[in-house]
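The values are calculated or read from the model by the stated rules, or taken from the named source; none is laboratory data. It should be emphasised that the depicted structure is a prediction, and the values quoted were computed from it without experimental measurement. No Cβ is skipped: glycine too gets one built from the backbone with ideal geometry, and neighbour counts run over all protein chains shown. For the accessible areas, the whole protein counts, side chains as well, though only heavy atoms, and no ligand, DNA or RNA atoms are used. Shrake-Rupley method; radii C 1.70, N 1.55, O 1.52, S 1.80 Å.
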Amino acid sequence: MVKAVKGTFIECDPAAREVLLRLNSEEKFIIEDLDTTHLFINSAHLQRIQNALDELMDSNTYTAA
Amino acid sequence: MATQMGSEEEFKTTIAEYLEALPTQFCRRVFSSPAACLAIFRLLPTVGKQLIMSMLYLDAPLQLQDVSQWAKPEHQRVVKAKVHQLRKLQLLAEDAGSVWLNPIFREQLRNALTGGGDFSSFGIPYTGPRDARVDPKRLAKYADERWEAVLHFMVGRSAHDAVTPLSESVRDVLRMSRLMEDGPMGMQITNSGFQFLLQNAASQVWTVLLQYLRLAELQNMDVVEVLNFLFQLVSLQLGRAYSVEALTRNQRKMLGELRDFGLIFQDERDERAFYATHLITSLTSSSTQSTERSTGPSELTTTSEHGYIILETNCRIYAYTNSPLQIAILNLFVHLVSRFSNLVTGAITRNGVRQALMHGITADQIITFLTANAHPQMQSRTPVLPVTVTDQIRLWEQERNRLHPTQAHFYREFGQRQYFERVYRYALDIGVVLWANAEKQQLVVTRQGHAKIAELFKSQRPTNNATNPQPPAQS
């Protein structure tokens, strides 16, 4: 019997995917790792991981002031 | 509301939808006003206009083949498509291979062009004692004041110049168009509201007019009345006094509401006359010019709206303006640093642009706004804005969109290979496949796709064949 899972399909670049995999090791949200640029995750965590990615981009930014 | 909202295009398509959906009775009433016919004619695309013009003074029906003969062979498809479109708008009638113009429309359009018939639909000029104080300058000042008050209210800077609180009707329109919503501390601006602020004035006015159309629907007002009134407004002349005699009660009510927006001026002491301001009259004049010049200088620009922004390659901004409204709008995405008597300076920073992006403004809107309001010295260069800055703004937007999420369903453990093939082929046909892997026999489809696939297999259940697949189990 086929299993159908409801969730969110994510397309991203390999670097972001690696970040998501590392986040996953702390709190599982990835349902399936599809390939180098796609993931399938649990929808409830979408906002959280977007925030986490945002923070990461922020911390890697240099501001002159 | 990601697309250019409130622009002329949207107004045209909405009017088109309206007319298509109107029952014949209503259409007859709309077409019985010459102003409405003229306004509708102006809103048509060029080929449509050509067709109507050619048929305007022909009383007898034409053969469809003759109509197709008017175009070169390779463009006949276009002509047929236009004929079909005009039929949907109830402007053309077709029967057994011959077409003719809707007689009422034809009659009234002729009247509109030659000035015959009942021209009260164009607005009856007021013949009472003219108030000498009402001249174009005062009208312009009034219109600008009221329009800026509305925009001020949206941006939230009501501390400046004792701004009279906006009337209930204006707030209703803002609420209805989802430009603002009710929050814990009074009304707050929404994402679409931010986008609205960055548009040029013509698009903003179109949006407001569009809202009246929608409001009329909701309040079960007579749609025909509202439409006729809108068409009349759009053809008024600047500076002339018009009488309210011919207007119905609802139309007078609309007049009062539009006055609060600064589109109409009505002297409180003498309510029998009203004047159209430049905000409304420039709508048709800019629409008869080329359609997509909304970012270029239009007749709508008063001296305060003339280009005033200078943007350097190092992201520094110098805005030669004094108006609190424009400064407030700039503050949405620029990090303002200092203010002088005629100048405001600042820089486009990552933080500033990110704030704007988080409010729902897109990079394209910021760039369009800067281009439209660029100082004349900047406008003489190509491209108008430095490429470094525009690219950087787009990069900051992409930075926020590293992930592209889509709500979807994931299928696995198909069991039989042919079962997987069937589902995959069907999903491909209806175009809902997001990702598939034939070796691992896994498939990702969109939410809507899942509903359709489940339906397909539910409908096959009654046959209950052993080789028939069961619908996928939910988990």
For region B:182-196, indicate whether the set of residues that are surrounded by fewer than 17 Cβ atoms within 10 Å (Cβ to Cβ), in a loop (DSSP other than H, G, I, E, B) and either polar (S, T, N, Q) or modelled with pLDDT of 75 or more (or both) is non-empty.
no
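Listed here are the residues, each with its yes/no results for (1) within 19 Å of B:Val384 (Cα to Cα); (2) away from chain A (no Cβ under 14 Å).
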site: B:Thr313; (1), (2): yes, yes
site: B:Arg316; (1), (2): yes, no
site: B:Leu325; (1), (2): no, yes
site: B:Val337; (1), (2): no, no
site: B:Leu357; (1), (2): no, no
site: B:Gly360; (1), (2): no, yes
site: B:Ala363; (1), (2): yes, yes
site: B:Ile366; (1), (2): yes, yes
In region A:46-54, is there at least one residue being open to solvent by 50 Å² or more (accessible area, probe 1.4 Å), outside any loop (DSSP other than H, G, I, E, B), more than 23 Å from B:His409 (Cβ to Cβ) and in contact with a helix residue (DSSP H, G or I) (Cβ under 8 Å, 6 or more places away or on another chain)?
no
For region B:397-407, give me the residue count where each residue is open to solvent by 60 Å² or more (accessible area, probe 1.4 Å) and in contact (Cβ under 8 Å) with a residue 12 or more places away in the chain.
2
Conditions first: (1) closer than 21 Å to B:Leu443 by Cβ; (2) open to solvent by 50 Å² or more (accessible area, probe 1.4 Å); (3) facing another protein chain (nearest Cβ under 7 Å). A:Ile10 passes all but one, so which condition is the exception?
(2)
Apart from one, (1) modelled with pLDDT under 85; (2) away from chain A (no Cβ under 13 Å) all hold for B:Arg425; the odd one out is (1)
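Matching residues to (1) touching a His at 6+ places or on another chain (Cβ under 8 Å); (2) assigned to a helix (DSSP H, G or I); (3) among the aromatic types (Phe, Trp, Tyr); (4) exposed (fewer than 15 other Cβ atoms within 10 Å of the Cβ):
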site	(1), (2), (3), (4)
B:Gln355	no, yes, no, no
B:Ile361	no, no, no, no
B:Gln365	no, yes, no, no
B:Thr368	no, yes, no, no
B:Thr371	no, yes, no, no
B:Gln377	no, yes, no, yes
B:Pro383	no, no, no, yes
B:Leu395	no, yes, no, yes
Would it be correct to say that B:Thr46 is at pLDDT below 80 and either of a type in the set (S, T, N, Q) or touching a strand residue (DSSP E or B) at 6+ places or on another chain (Cβ under 7 Å) (or both)?
no
Before we move on, is B:Asp260 at pLDDT 80 or above and among the acidic types (Asp, Glu)?
yes
What are the pairs with Cβ atoms under 8 angstrom where one residue, in region A:27-38, is over 12 Å from B:Trp435 (Cα atoms) and touching a residue at least 60 places away in the same chain (Cβ under 8 Å) and the other, located anywhere, is open to solvent by less than 40 Å² (accessible area, probe 1.4 Å) and part of a strand (DSSP E or B)? Sequence gap at least six, or different chains.
none
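So how many residues does region A:1-23 have that are among the hydrophobic types (A, V, I, L, M, F, W, C) and not in a strand (DSSP E or B)?
Residues meeting the conditions: 9.
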If I go through region B:339-353 residue by residue, how many of them are assigned to a helix (DSSP H, G or I) and away from chain A (no Cβ under 14 Å)?
0
In region A:24-45, residue nearest to the other protein chains (Cβ to nearest Cβ) [restricted to those that are open to solvent by 30 Å² or more (accessible area, probe 1.4 Å) and part of a helix (DSSP H, G or I)]:
A:Ser43
If I ask for residues that are touching a residue at least 24 places away in the same chain (Cβ under 8 Å) and over 25 Å from B:Asn401 (Cα atoms), which ones from region B:327-358 would you list?
B:Ala328, B:Leu343, B:Val344, B:Thr345, B:Gly346
Scan of region B:332-346 for residues that are surrounded by 15 or more Cβ atoms within 10 Å (Cβ to Cβ) and modelled with pLDDT of 90 or more, ordered by number
B:Phe333, B:Val334, B:His335, B:Leu336, B:Val344, B:Thr345, B:Gly346
Across region B:202-245, which residue is nearest to B:Val150 (Cα to Cα) among those that are without any contact (Cβ under 8 Å) to a residue 12 or more places away in the chain and polar (S, T, N, Q)?
B:Gln219
Restrict the check to region B:338-360 and report whether at least one residue is among the β-branched types (Val, Ile, Thr) and in contact with an Asp or Glu (Cβ under 9 Å, 6 or more places away or on another chain).
yes
